[in-house]
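Report on the structure given below.
Taken together, the values in this text are just the output of simple stated rules run on the coordinates, not laboratory data. All of these numbers come straight from a predicted model, not from anything done at the bench. A quick note on method: Cβ atoms are made from the backbone with ideal geometry, for glycine too, and the neighbour counts reach across all protein chains shown.
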């Protein structure tokens, strides 16, 4: 089934914005923990930046969701990226001034940019037909790959640039983030037309018999029936758990490596490979989600994260190939959970309620990331990196019973056939 021309245009614009914003997203991932360790003078506080910008992402997701519901995706996403640019500039100023208070405040605002980068995936799904929803989400995520992979590998160059301006080296990637988020905001504000959410709502409300394609048609059956509530709950649970585990392990891996004498460039390479695994497999993941069902791919994310945790826990600190493999598996598990979970959540929601509920879902995801980032440094300080990695992998297995619970739903609700795209056939 061919998608609407408007959907193809929307995806093209989102791809450009995601390529730009991916570099901004990578800044906090790569050097946030190292910058905090340098400014706070404590490994136990190295997880604070991750906790702060994911807490900021939680607040940003709620606000962006409401803005999108009221005004549409275009202004909501553009304002989110604008806030991310402002926060990145604040981090640079904080590093230059040596102000821990300004650093914390700026990281909260920076979080709005990271929230927007993830929330853009919902815009890609607004006009997609249920049969292609996983691929639409994966297209947006895949576009993040170029910037997100390039960002960590520009640590040395941006650090040198910052140093030449009298700014601490570790603030360099946030200079790049400021430019990247600002450019993404301008692209969306100027080019995201028609607004995908507003068009989807109009098409869903079109009179019966109008030329309304399946891509925008309201799902059959009651929108808040038991099957849809369980799908919404399962999709949320999968994304929350995978985010918590991924953030916790990822945050402390560079700190663990550098604490045992590894080169910063080696740590940057490991994180670059991790970020690539987070986004690069997205087209394949989206295809699998659409072809074999959302729940099968969601359930697979748990064992992937467990394998990552076991491998990271048993890797010697200097074993870059083994740590890189563990972080790649960590990224793959996160990718599977996010795309399948996004499809489950979007399937469950009618267009008029979609943006607000999706914003709340992402609040939970960001809150889980904040908890993972904040606790990661404390766990490593108390028990070591292997304990953190192994505990995260075991926790990730909770997605399997969560998905199994959601699948125990009759294929009919009050006599109506299961809606297309609700994954009944894949459960």
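At an R0 of 22 angstrom, the distance between the Cβ atoms of residue 8 and residue 179 translates into a FRET efficiency of 0.20. The angle between the Cα long axis of helix 5-40 and the main principal axis of the chain comes to about 30°, on a 0 to 90 degree scale.
Just how many % of Cα pairs in the range 289-415 lie over 22 Å apart, if you round to the nearest whole percent?
Details: 3626 of 8001 pairs.
Across the range 289-415, Cα pairs with separations above 22 Å total 45 percent.
Quick check: the angle from helix 155-164's long axis to the longest principal axis of the chain, C-alpha only, nearest 10 degrees? It is inclined by approximately 60 degrees.
In what sequence, highest mean first, do 154-162, 15-23 appear when ranked by Cβ atoms within 10 angstrom?
On the way: 154-162: 17.9, 15-23: 24.6.
Result, highest mean Cβ count within 10 Å first: 15-23, 154-162.
Full extension of the chain segment joining residue 265 with residue 292 gains 5.8 nm, where the gain is 0.36 nm per residue of separation less the Cα-Cα distance. When peptides 243-250, 339-346 are sorted by average Cβ neighbour count within 10 Å, with the highest value leading, the order is 339-346, 243-250. Using only alpha-carbon positions in the range 125-199, the gyration tensor eigenvalues give semi-axes of 34, 15, 6 Å once each is multiplied by 5 and square-rooted (largest first). Between the Cα long axis of helix 226-259 and the first principal axis of the chain there is an angle of about 10°, rounded to the nearest 10. Its relative contact order, with pairs defined as Cα atoms under 8 Å and 6+ residues apart, puts the chain at 26 percent.
Placing a pseudo-label 7 Å from each Cα along the Cα-to-Cβ vector at residue 193 and residue 71 gives an inter-label distance of 1.6 nm.
Could you give the length gained on full extension between residue 381 and residue 102, defined as 0.36 nm per residue of separation minus the Cα-Cα distance, in nm? Mind dumping the intermediate values first?
Working: separation 279, 0.36 × 279 = 100.44 nm, distance 2.51 nm.
Contour length minus Cα-Cα distance gives 97.9 nm.
Kindly identify the range 86-170 as rounded, prolate or oblate by the Cα gyration tensor criterion: order the square roots of the eigenvalues as a ≥ b ≥ c, call it rounded if a/c is under 1.5, otherwise compare a/b with b/c, prolate if a/b is larger, else oblate. Since a/c reaches 1.5 but b/c is at least a/b, the shape of the range 86-170 is classed as oblate.
Rank-order 388-394, 165-171 by packing density, defined as the average count of other C-beta atoms within 10 Å over each peptide's residues, highest first. Don't jump to the answer; show the numbers that get you there.
Working: 388-394: 23.3, 165-171: 17.7.
Result, highest mean Cβ count within 10 Å first: 388-394, 165-171.
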